[in-house]
Amino acid sequence: MEILTPDDLKEKFKDPWVAPYKKVLTMVDDDLVELVEYHPCIAGSGWMIYQYKRTSELVLDSKKDGDKHTYLVKVGKTDLNLKPSFAAAGIEEVSVDGEEVKVVHAGLAGAGVGAAMCRGMAHGVKRVELYDIGGGSKVGRAAVVTPKLQKVVIGIDDTDTKQEGATWTLANNIGMKLSQMGFEYLDHVTCQLFPHNPNKTQNCVAIALVFAVKPGERDKLVEKTCELLRESTLSDKTAMAVLDGINIPATLRSYGISAKKSMKTIEEAEEVGKEAGVQFVEVTGSRGKIGALAALGLYEDMEEAVKVYY
């Protein structure tokens, strides 16, 4: 075994067949790990998404959005029965040790190169334990070690008026500012709400911002988001809802779907939020809690989040 940092790998492997990943992040929630990888290809590799879920029982789900790959994996170890084309790459082991996460990748040929050199050069990687280099017809195998992060999702609603403003743009601009402050801004999801709501400004949507947070920085993220919202919101009804962790409680998802089909009260939102362990923050008012909570329930289901019910 050889232990190498990203800089070591870049110095050692300068071959034209090594394409470094851009970034690798790992968020932990009990025995679940959400692995986020930014692939070197412009539109990402659907092949990897297909192969990993097919090959490894540790991979519970996988999806891609452009060059961003997301794998939901469980902590554990498994033996991979690698077969060219049919089961060419996967995850052998996932473990959490203190503030570090170790993911052991294995793959045949080019997938083996990706397992070690390509991932190992990414931003966010602390080091790689290189077992087998791979390439050609050989198996590549390596453990990619990254810092343990926490997933935090912030729902936002009621920031504009009938005269001016837009919640989706304000939320994204705040996400970008938080990114510049050092917070890892992962995603922005627009959630369509009840289109017949008489209180809507126009399209009636709420926003969920997704972050990967270093240990001990969760509260700072929430405080800074609230501060930035208070500075820029045009509404006296702006509120946030904050969900910690990877899992979305079933009651929260049900509420999100229901909020797309019917009117909800602030009291109902507060009751569901309390049951789901959600933190509410009244930025300038309370009404925004309704949509902010709904966005939390649906942020992982893009198709449902954007759907309009008549």
The one condition Lys102 fails out of (1) modelled with pLDDT under 95; (2) within 21 Å of the chain's Cα centre (by Cα) is (1)
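Which residues, counting only those in region 201-242, are farther than 24 Å from Glu164 by Cα and not hydrophobic (A, V, I, L, M, F, W, C)?
Within region 201-242, the first condition is being farther than 24 Å from Glu164 by Cα, and the residues that meet it are 210-223, 242.
Listed by number, the residues that qualify are Lys214, Pro215, Gly216, Glu217, Arg218, Asp219, Lys220, Glu223.
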Failed condition for Ser85, given (1) of a type in the set (S, T, N, Q); (2) modelled with pLDDT under 90; (3) touching a His at 6+ places or on another chain (Cβ under 9 Å), with all others met? (3)
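Out of Glu282, Glu271, Glu304, report the one residue that is of a type in the set (D, E, K, R) and free of Cβ contacts under 8 Å to residues at least 24 places away in the same chain. Quick ask: steps written out before the conclusion?
On the way: Glu282 fails: free of Cβ contacts under 8 Å to residues at least 24 places away in the same chain; Glu304 fails: free of Cβ contacts under 8 Å to residues at least 24 places away in the same chain.
Within the list Glu282, Glu271, Glu304, the selection yields Glu271.
Looking at Leu209, Leu252, Leu229, which one is closer than 29 Å to Glu100 by Cβ and surrounded by 22 or more Cβ atoms within 10 Å (Cβ to Cβ)?
Selected residue: Leu209, the only one of Leu209, Leu252, Leu229 that is closer than 29 Å to Glu100 by Cβ and surrounded by 22 or more Cβ atoms within 10 Å (Cβ to Cβ).
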The condition from (1) on the phi < 0 side of the Ramachandran plot; (2) at pLDDT below 95; (3) surrounded by fewer than 16 Cβ atoms within 10 Å (Cβ to Cβ) that Gly136 misses is numbered (1)
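The values are calculated or read from the model by the stated rules, or taken from the named source; none is laboratory data. Keep in mind that this is a model prediction, so the values were computed, not measured. When we count neighbours, we look across all protein chains shown, and the Cβ atoms used for this are built from the backbone with ideal geometry, even at glycine.
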